[in-house]
1. Work out how far the C-alpha atoms of segment 23-70 reach from end to end along every principal axis, then list the three figures in whole Å, largest first.
2. Calculate, in whole percent, how much of the Cα-Cα pair population of segment 186-301 lies beyond 24 Å.
3. In angstroms, what radius of gyration and Dmax does segment 228-278 have, counting Cα atoms only?
4. Kindly rank 245-251, 39-45 from highest to lowest mean number of other beta carbons found within 10 Å of each residue.
5. HN-Hα J couplings of segment 361-377 from phi, Karplus 6.51/-1.76/1.60, θ = phi - 60°, integer Hz, Gly and Pro as x?
6. Please find the FRET efficiency linking Met578 to Leu677, where r is the Cβ-Cβ separation and R0 is fixed at 22 Å, and quote it to the nearest 0.05.
7. Assuming R0 = 25 Å, what is the FRET efficiency of Ile899 and Ala779, from their Cβ-Cβ distance, to the nearest 0.05?
8. Nothing charged except the Cβ atoms of Lys and Arg (+1) and of Asp and Glu (-1): what's the magnitude of the dipole of segment 89-211 about its Cα centre? Round to the nearest 20 debye.
Amino acid sequence: MPNDALLLAALVLPFAGSLLAGFLPTHARNLAAALAGSVALIGCAIVVWLYRSVATDVPVRLRADWLPSLGLDFTLRMDGLSWLFALLIFGIGALVVLYARYYMSAEDPVPRFFSFLLAFMGSMVGVVTAGNLIQLVFFWELTSLFSFLLIGYWHHSAQARDGARMALTITAAGGLCLFVGVLLIGRIVGSYELDEVLAARDLLDNSNLYTVALVLILLGAFTKSAQFPFHFWLPHAMAAPTPVSAYLHSATMVKAGIFLLIRLWPVMAGTDAWFYLVVPAGLVTLLLGAYSAIFQQDLKGLLAYSTISHLGLITLLLGLGSPLALVAAVFHTVNHAIFKASLFMAAGIIDHETGTRDLRKLSGLYKYMPFTATLAMVAAAAMAGVPLLNGFISKEMFFAEAVADHTGSLLDDSLPYWATLAGVFSVTYSLRFILGVFFGPPPKDLPHTPHEPAHWMRFPIEFLVLICLLIGIVPSLTVGPLLATVMRSILGSDMPYYSLALWHGFTLPLFMSLIALAGGVLLYFLLRPYLDSGIEGPPLVRALKGQRIFEKILTTISLQWARRAEVMFGTRRLQPQMRIVVLLAVLAALSPIVLQGLPGNGTLAGTPIEPGFALMWLIGMGCALAAAYQAKYHRFAALVLVGGAGLVTCVTFVWLSAPDLAVTQLLVEIVTTVLLLLGLRWLPKRIEDVYPTRPPLSTLIRRYVDFGIASAFGGILAFLSYSLMTRPLPESVSRFFVERAYTEGGGTNVVNVILVDFRGFDTMGEIVVLCLAALTVFALLRRFRPAPESVGSPEQQRIQDAYDDAEPDRKPGDTVTDYMLIPRLVMNWMFPVIATFAVYLFMRGHDLPGGGFAAGITLSIAFVVQYMASGTRWVEDHLRVLPLRWMGLGIITSASTGIGSWWFGYPFLTSHFRYLELPLIGKVPMASALLFDLGVFALVVGATVLILIALAHQSLRSSRASQAAEGGETWR
């Protein structure tokens, strides 16, 4: 398989595995774990295989046209840097899956857990392999979404829900900042392609937008990688299951921000703005995280704050701007991923086997679980920077860069002291992890008797600790070649000389390491009485908890500001809200006209108005005005009049030779009229049930104001339409579509070709919006419980009572519609006729009036007719269209049609047409857009039927609720 196909497979495989895992039975833990483990191992094998190509310093690329007119393409790019991160994502992901198989309870919905985990894995792979900055932002936001689902996996826990919400709020807000920053970079460079951005250092440096873009990019990176002042969300993410914590803190999520800083380092680092923004943030995060870790009483909390500290260390190194500091940052990123994943898994084993993570209850566990204790101690020693372990080498490189001269500023000159202090803190919290958990008196009052876990649960820690030892003892033979490949992909020919030797003589960095080790041990024993006292949280900074600040901001926005906005703009009535929406739309439409004038000259003469056409429009306007007048007295009459205005619009389309629009308008009018009829009975009673002889002055003013707004809005739209339609034809965009509809789209129906070909991307977005609207209607109505006395009008009740007397043998749930409409038999006969007509409209749509949307509405009418014939019982007992599956099939079919064009080297949603020779029929025109139209058809049917089911079930509930109320019972 070609390398570009393998690269695509590495991205698609986790998402495909996630989809499969989501359909597994709830308690199929072994099968879900096997699926997730296979996906991670296959992905890891693909990445290892691609190393041969990456090592030649030629990135592996895959490119497919997406929106070439906007400079947006789907691009995958794997160089040394993305290869390293992909290896961490898949490699540690495979170990986490194995660990989670034994950690997760069989009572949990484990397939759902692995589905979220695989989707998150795929999102991270998308971030590191993105060859386009817009594409990178897309996958970046996906990581925020799926991390939210993982952190809140135990959604029955309020702590998990709060932690997930906090993580999503912070990281998604940073993602929006990143998106704006990426747009600015694209504006400066003229492209979003990563290769072109990385080659545009001079353009960025000389741009006035550099500082603004830099701040926005850093906000995205800092929020994702938990840098001060956005660090507080990470400890609260500890409410997630430990496998999630191990994965998020080591190879993914928080490393996404680090990856972004490294990726853009060649073109954005080295400036004063970069130094003074990145270095202070990294330094404060380094010290604050290490200091806070010392005083945590929760084992995972200690590791969480240590993660914050090490992320600050990496950020500080990247902020220094020197190539050697970049080497140290990349190296420590790898080391941190290895020892932090093993530490979190060890903490999970301790929690799993003892039933607690409270350091005040844990002690002397070495006697009960010596193997796990030994592994955890080695990993903790690597975190502290003990010699012969991987953390020691990268820590020495950090100290060496701290003492080097970069800017000669006070901040730069003080770095050696701050670095040594951070080293002291890291030894202290590592020592607390070791001595506080594994040594001391035997534990008391633990929920479970501690013991060693299953061997395969411990195997991931054994494997990672072995890597810690190998890198720490023979770094040049293990990680050396990989690190060199990564650095060449970032720095190219500017590679500095660096050594991974264990001994460099008696140097200042070595002296700083000795001070850190000795100072850390001394500080631990000095603080031990305070730590053993059980006080929660670090002194001095306890009052500066980020959670309190976050909750205060959230409360201010969601309560105080929201309430003020509700008082100013909110209302229980729809009309005032519509007034605001319409006014904003008018202002938005007028602003470009005021600033730039009308488009075109409007030199063509208008079409003469014939008397019949004018009379028809007078009737339509009369219906509209009468509907507005009747709305205050009789909603049903208003709906009939609205239908009359819609019918006039339909005839207008026919008059003006727009049969496609006429057919669609007529079909939509039929469906919406029935659905509105079903919905009318659920509208609340009007505030003014009985009007006086003359309405009050305030009511008259409100009506005249609404009439003026509506008239102005309609007049503006009419004026704009007239201006556009009277432009000279060479300036009209319609000529472009008319001339190319058949030659490039393969259809003579210009409207349909525009929808499924030229503007297919817009249509794709529109059907997604329709899908969301249908789901929203269903979600709002499915739990709606109207009061029995509010159901129906007195007139409806009297008619129903009359038919109850006439039909004493009627079944429970039957309504008036079951007996007073067109005979049911005739309406049942209409179903196949209407369905056949829908197929006819669908098949002819590319060349003649029709298409997927019109056909979908037509088939929906068939289901509506069946509902009208058989009432709500038919909806419950006989409607088997499964609308959610139809909607999902529609989205998948439309998207797959667009993606299929990539296989032939064309942009997304490019259509192809040809004539097929069929037996007995002859030549038949066929276009790939037919499949796209099929997706539109399926989604329209599913969405319409879903809304019908929601409204029809409400009708059934009301009937049963009324019967229960009459019998003195409570209906549920």
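A short reminder: the numbers here are calculations on the coordinates, not readings from a lab. Since we're looking at a predicted model, the values are computed, not measured. Cβ placement follows ideal geometry from the backbone for every residue including glycine, while neighbour counts extend to all protein chains displayed.
1. Its Cα atoms span 46, 33, 9 Å along the three principal axes.
2. Percentage above 24 Å: 36.
3. Values for segment 228-278 (Cα only, Rg and Dmax): 14.1, 41 Å.
4. 245-251, 39-45
5. Result, ordered by residue: 9, 9, 5, x, 6, 4, 5, 8, 9, x, 5, 4, 4, 5, 4, 5, 5 Hz.
6. 0.55
7. Efficiency computed from Cβ-Cβ geometry: 0.30.
8. 340 debye
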